[in-house]
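Below: the structure, in structure tokens.
The values are calculated or read from the model by the stated rules, or taken from the named source; none is laboratory data. Quick caveat, the model's predicted, so the values are computed rather than measured. Neighbour counts run over all protein chains shown; Cβ positions are idealised from the backbone, glycine included.
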Amino acid sequence: MKKYLFLISILSIIILIGCTKADESDQKNVGTLTLPIASFYYSGNEIPAPVTVTFHNTSQYSDQFKWTFHNGSTSSDFSPSYNYPNIGEDKTYLVTLKATDSNTGETNTRSKSVLILSSK
């Protein structure tokens, strides 16, 4: 009887140690959620219209992008260019970038105003 109690005690300890080690390794594999950061700058608007402005994507933790321009047109390019016509006066246009992490579905949006100079 003592042998059985001893064996049961040893097996219980082995099982507990095995579960504890598995739990510790599972905890190491759990990562933290990093949210996307939508970010960009633009260049090319230094000269009067008509002008092509290039948008430089500097987003982090994201792999899908949707650019929305003032007239509702969109682009999924990483760093698109957009042609602005001369309308006879200086004009400010809004550009919006939505960055998405396709693994988590998390998104972040950033908008900036772009001044386009008229060639008058």
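Below is a table of values for the structure above.
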| item | result |
| --- | --- |
| Given (1) of a type in the set (S, T, N, Q); (2) at pLDDT below 55; (3) closer than 17 Å to Ile116 by Cα, index of the condition Thr52 fails | (2) |
| Filtered residue count, the range 65-93, keeping only those that are over 26 Å from Ser119 (Cβ atoms) and either surrounded by fewer than 15 Cβ atoms within 10 Å (Cβ to Cβ) or touching a helix residue (DSSP H, G or I) at 6+ places or on another chain (Cβ under 9 Å) (or both) | 4 |
| Looking only at the range 94-120, and only at residues there that are in a loop (DSSP other than H, G, I, E, B) and in contact (Cβ under 8 Å) with a residue 60 or more places away in the chain, the one that is surrounded by the most Cβ atoms within 10 Å (Cβ to Cβ) | Asp101 |
| Filtered residues of the range 50-75 (kept if closer than 17 Å to Ser111 by Cβ and in a loop (DSSP other than H, G, I, E, B)) | Thr58, Ser59, Ser62, Phe69, His70, Asn71, Gly72, Ser73 |
